[in-house]
Amino acid sequence: MHTANDDAVKVLNSLIETTLDSANGYKDAAEHVDNPQYKAMFAERSSKRMQLAHRLQDEVRSFGGEPLDHQSVIGKLHNKFVGLKDGLMGGHSDKSVIDEVERGEDVIKKKYEMAAGEALPTEAQAVIADAYQSVKADHDEISRLKHSLH
């Protein structure tokens, strides 16, 4: 029998994948920028997103589910594509890395917005709403940074 808990586990696991994609994207970004301030910001964001993924995993467990512990195939492919593109194009610039980070932030923000609209148990809704506030704040900061560079 399908329950609201099953829906919560499915939505939360989807957010876990996307959040792990984001954490790994920030880790890659930290490795590819030259500006020490950006390196520190991206490394901190990677850590913050890993903590968020762990929080979501705990929530999945509270619903009796098995949390995902890996990023999505699409996220892995995107990371490899960005690395390949950098290699073919002769490297990277801080500006191009920030452009990619903002693209990733658009994806995760939209994913959390969609999840917030799901009919889920109150506990799951609360965790998603809280996480969304953090994701939105990070998105908005990266967006401002990108626009300041263009």
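Can you give me the number of residues within the stretch 114-134 that are part of a helix (DSSP H, G or I) and touching a residue at least 40 places away in the same chain (Cβ under 8 Å)?
Filtering the stretch 114-134 down to residues part of a helix (DSSP H, G or I) leaves 114-116, 122-134.
Adding the requirement that they be touching a residue at least 40 places away in the same chain (Cβ under 8 Å) leaves 115, 123-124, 127-128, 131, 134.
Going through the stretch 114-134 one residue at a time, the tally reaches 7.
What about Ile98, is it in a helix (DSSP H, G or I), at pLDDT 90 or above and within 16 Å of Arg49 (Cβ to Cβ)? Steps first, answer last, please.
Working: in a helix (DSSP H, G or I): yes; at pLDDT 90 or above: yes; within 16 Å of Arg49 (Cβ to Cβ): no.
The answer is no for Ile98.
Does Glu59 satisfy the condition of being modelled with pLDDT of 95 or more, out of contact with any helix residue (DSSP H, G or I) (no Cβ under 8 Å at 6 or more places or on another chain) and not hydroxyl-bearing (Ser, Thr, Tyr)?
no
Filter the stretch 90-101 for residues that are surrounded by 17 or more Cβ atoms within 10 Å (Cβ to Cβ) and either among the basic types (Lys, Arg) or within 15 Å of the chain's Cα centre (by Cα) (or both) and give the result.
Hits for the stretch 90-101 are Ile98, Glu100, Val101.
If the Cβ limit is 9 Å and pairs must be 6+ apart or interchain, which residue in the stretch 17-28 that is aromatic (Phe, Trp, Tyr) pairs with which residue that is in a helix (DSSP H, G or I) and modelled with pLDDT under 95?
Tyr26/Val101; Tyr26/Gly104
Out of Lys76, Lys27, Lys85, report the one residue that is part of a helix (DSSP H, G or I), at pLDDT below 90 and either under 15 Å from the mean Cα position of the chain (by Cα) or surrounded by 18 or more Cβ atoms within 10 Å (Cβ to Cβ) (or both). I'd like the intermediate steps shown before the answer.
Numbers: Lys27 fails: at pLDDT below 90; Lys85 fails: either under 15 Å from the mean Cα position of the chain (by Cα) or surrounded by 18 or more Cβ atoms within 10 Å (Cβ to Cβ) (or both).
Selected residue: Lys76, the only one of Lys76, Lys27, Lys85 that is part of a helix (DSSP H, G or I), at pLDDT below 90 and either under 15 Å from the mean Cα position of the chain (by Cα) or surrounded by 18 or more Cβ atoms within 10 Å (Cβ to Cβ) (or both).
Considering (1) surrounded by 15 or more Cβ atoms within 10 Å (Cβ to Cβ); (2) in contact with a Phe, Trp or Tyr (Cβ under 9 Å, 6 or more places away or on another chain); (3) modelled with pLDDT under 95, say which one Asp21 fails and leave the rest.
(2)
Does Ala137 satisfy the condition of being at pLDDT 95 or above, surrounded by fewer than 17 Cβ atoms within 10 Å (Cβ to Cβ), under 18 Å from the mean Cα position of the chain (by Cα) and of a type in the set (Gly, Ala, Ser)?
Values: at pLDDT 95 or above: yes; surrounded by fewer than 17 Cβ atoms within 10 Å (Cβ to Cβ): yes; under 18 Å from the mean Cα position of the chain (by Cα): yes; of a type in the set (Gly, Ala, Ser): yes.
For Ala137, the condition - at pLDDT 95 or above, surrounded by fewer than 17 Cβ atoms within 10 Å (Cβ to Cβ), under 18 Å from the mean Cα position of the chain (by Cα) and of a type in the set (Gly, Ala, Ser) - is met.
Confirm whether Leu68 is buried (at least 17 other Cβ atoms within 10 Å of the Cβ), touching a residue at least 24 places away in the same chain (Cβ under 8 Å) and part of a loop (DSSP other than H, G, I, E, B).
Here the answer is yes, as Leu68 does meet what is asked.
The values are calculated or read from the model by the stated rules, or taken from the named source; none is laboratory data. Remember, it's a predicted structure, so these values are computed and weren't measured experimentally. Cβ atoms come from the backbone with ideal geometry, glycine included; neighbour counts cover every protein chain shown.
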